[in-house]
Amino acid sequence: MSTLRSRRSPLPVIAAALLLPLAACSSGGDEASGDGGRLRVVMAFPPAQAMSPYGDDAVTLSRLAVVEGLTTLDENGAPQPALATSWKRDNATTWTFTLRDAVFQDGAKVDADAVVRSLTAAGKASPLPRVLSDTRLTATARGAGTVRIVTEDPDPLLPQRLANPSLTVLSAGAYKGGKVNPAGHATGPFTLTDVKGAVAATLERTADYWGDEAKAPGVDVTFVADGTARANALRTNAVDVAEYVPIAQASLLGDGFVHEFPSARTNGLSLNTEHGVFADPAMRAAAREAVDSKALVDGVYEGRADTSQGLLGPGVPWAAEERTAPTDRAKAAGRGEVARTKQIVLATYTNRPELPEVATIVQQQLTERGFTVKQVVRDYAQLEADALAGKYDAFIQARNTLLDTADPVSYLASDFTCDGSFNISQLCDPRVDAAIAKAASLAGTEERHRAEMTAEAAVLGADALVPLVHERFVQGYDGDRVEGVALDPMERTLITADTHVG
């Protein structure tokens, strides 16, 4: 297929195409040289919703240090102060947050009214942000510096939830014309000043940031889905930081440019449980039996990934100790029965360059089991709506299981419950819903973890998703020249106030 050929092809044409947008978004002169001045960053995922904080663009804004919420998370996923300096739980459903003295990038003051406005807008957004898929909250001002938040049900994870980039706090100027525009209206150490569609973005150092001033005067960002082009831009010093270096390029770049670390990301095969061939549990079981995870680790990831263990992999270290066997699995259909089914459509996206290659191997494995498989491979932005609408029989995606609240219950709720906002498998199973609801209700860490693994077993028992591999992240930058790049297993941070060219 053309996507795979381009990944292995000669690079001059690709590199030239990449350099044009990079040059266009740079400020020019010495500051654009990467020598102690502006940072040049190439990212994998172009804006899909015009930088709206209510979709995946929120993560991009967070990774670029543009937006902030009431809280942030430390390396262990525990909540830490951000725009709120402290908080307390008044009762099972009510919390009080005390705000810090800060201003927005447009000069407006961060106050309780601004927090209430932002949280209310997120709760009314359509589609609803994934982090709110398993809860509802109401925020009210209690004076200028205090906010009371009441949740519909007891929510022991509320401080972690409020660190989610989709619950960022913006000034009143962001909410105009029925849209939400974070450019110039957030609180992070960098201010988004310009977005050139899906091609590039420009950030400037925030002048009145409440924390430590950014060390770099600005960031010039280019969005390039082609992973080989991202790696080549780093190799030729066209950029300082390259997000998500393809596995195939890691050995070519060398150890000084490759920074590998464990992740909470699971790459899985979502099966459409509502329509088509995989509405039959026996066919889903046959697909699960057809998949060989080790072949993917060895053949695609060159050993830089872990074989599938469940929904939660090595990036969630407690999961292995609490894991239980999948429950109520259907008996797999035989090869002859499978061969009589209609053609299935298997989709994935190009933004993560390994996924098309994974799709090709999975297609071969399914074909050997008797399935007739057609592939659809496009940019993620062109696939997401159809995937969520259940228009594909199978969908290969890379999913961070801790992204929403640093606790997998939000991932489980959004991806596998009847009302889940990111339910690509279209799963609606009362047993699964009940197991996830129980996990969400528990405050004790050990009890919660055990319940979450019971819920994992129920999802795996339904064969709604077949885990393929657990990724390890590879970020690219010259470790002798670039400092302060965040290597975050939860993927919320990349560029920080400390990131600079030394």
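List of remarks:
- Among the residues making up the range 83-105, those that are aliphatic (A, V, I, L, M) and either surrounded by fewer than 23 Cβ atoms within 10 Å (Cβ to Cβ) or touching a helix residue (DSSP H, G or I) at 6+ places or on another chain (Cβ under 8 Å) (or both) are LEU83, ALA92, LEU99, ALA102, VAL103.
- Of all the numbered requirements in (1) aliphatic (A, V, I, L, M); (2) assigned to a loop (DSSP other than H, G, I, E, B); (3) within 30 Å of ALA242 (Cβ to Cβ), ALA332 misses one, and that requirement is (3).
- Number of residues in the range 442-482 that are free of Cβ contacts under 8 Å to residues at least 60 places away in the same chain and either of a type outside the set (D, E, K, R) or part of a strand (DSSP E or B) (or both) equals 4.
- Qualifying residue in the range 411-431 (condition: at pLDDT 95 or above, in a helix (DSSP H, G or I) and among the basic types (Lys, Arg)): yes
- Odd one out for ALA434, checked against (1) assigned to a helix (DSSP H, G or I); (2) buried (at least 18 other Cβ atoms within 10 Å of the Cβ): (2)
- Matching residues, the range 370-385, being part of a helix (DSSP H, G or I) and either touching a Ser or Thr at 6+ places or on another chain (Cβ under 9 Å) or open to solvent by 50 Å² or more (accessible area, probe 1.4 Å) (or both): TYR380, ALA381, GLN382, LEU383, ALA385
- Of all residues in the range 183-236 being of a type in the set (Lys, Arg) and over 16 Å from GLN105 (Cβ atoms), the one that is most open to solvent (accessible area, probe 1.4 Å): LYS215
- Set side by side, the residues VAL245, VAL241 differ, and just one is within 22 Å of GLY479 (Cα to Cα), open to solvent by less than 20 Å² (accessible area, probe 1.4 Å) and modelled with pLDDT of 95 or more, which is VAL241.
- Conditions (1) assigned to a loop (DSSP other than H, G, I, E, B); (2) under 22 Å from VAL110 (Cα atoms): number failed by SER166: (1)
- Looking across the range 414-431 at every residue that is among the acidic types (Asp, Glu) and under 23 Å from the mean Cα position of the chain (by Cα), the one that is surrounded by the most Cβ atoms within 10 Å (Cβ to Cβ) is identified as ASP415.
- Test: ASP56 is at pLDDT below 95, charged (D, E, K, R), over 16 Å from ALA406 (Cβ atoms) and open to solvent by 40 Å² or more (accessible area, probe 1.4 Å): yes
- Subset of the range 391-410 that is within 15 Å of VAL316 (Cβ to Cβ) and of a type in the set (S, T, N, Q) - its residue that is modelled with the highest pLDDT: THR401
- Under the condition of being surrounded by 18 or more Cβ atoms within 10 Å (Cβ to Cβ), within 27 Å of LEU162 (Cα to Cα) and either more than 19 Å from the chain's Cα centre (by Cα) or aliphatic (A, V, I, L, M) (or both), the residues counted in the range 388-406 number 4.
- Checklist (1) in contact with a Lys or Arg (Cβ under 9 Å, 6 or more places away or on another chain); (2) not in a strand (DSSP E or B) applied to VAL219, failing item: (2)
- Any chance TYR349 is within 21 Å of VAL300 (Cβ to Cβ) and within 24 Å of the chain's Cα centre (by Cα): yes
- Restricting attention to the range 170-183, the residues being modelled with pLDDT of 95 or more, within 15 Å of SER52 (Cβ to Cβ) and not in a strand (DSSP E or B) number 5.
- Single unsatisfied condition, TYR301 versus (1) open to solvent by less than 10 Å² (accessible area, probe 1.4 Å); (2) in a loop (DSSP other than H, G, I, E, B); (3) at pLDDT 95 or above: (3)
The values are calculated or read from the model by the stated rules, or taken from the named source; none is laboratory data. Everything quoted here is computed from the prediction, not taken from an experiment. Counting neighbours? That spans all protein chains shown, and the Cβs are built from the backbone with ideal geometry, glycine included. Just so you know, the surface numbers come from the protein's heavy atoms only, side chains and all, with ligands and any DNA or RNA stripped out. Shrake-Rupley method; radii C 1.70, N 1.55, O 1.52, S 1.80 Å.
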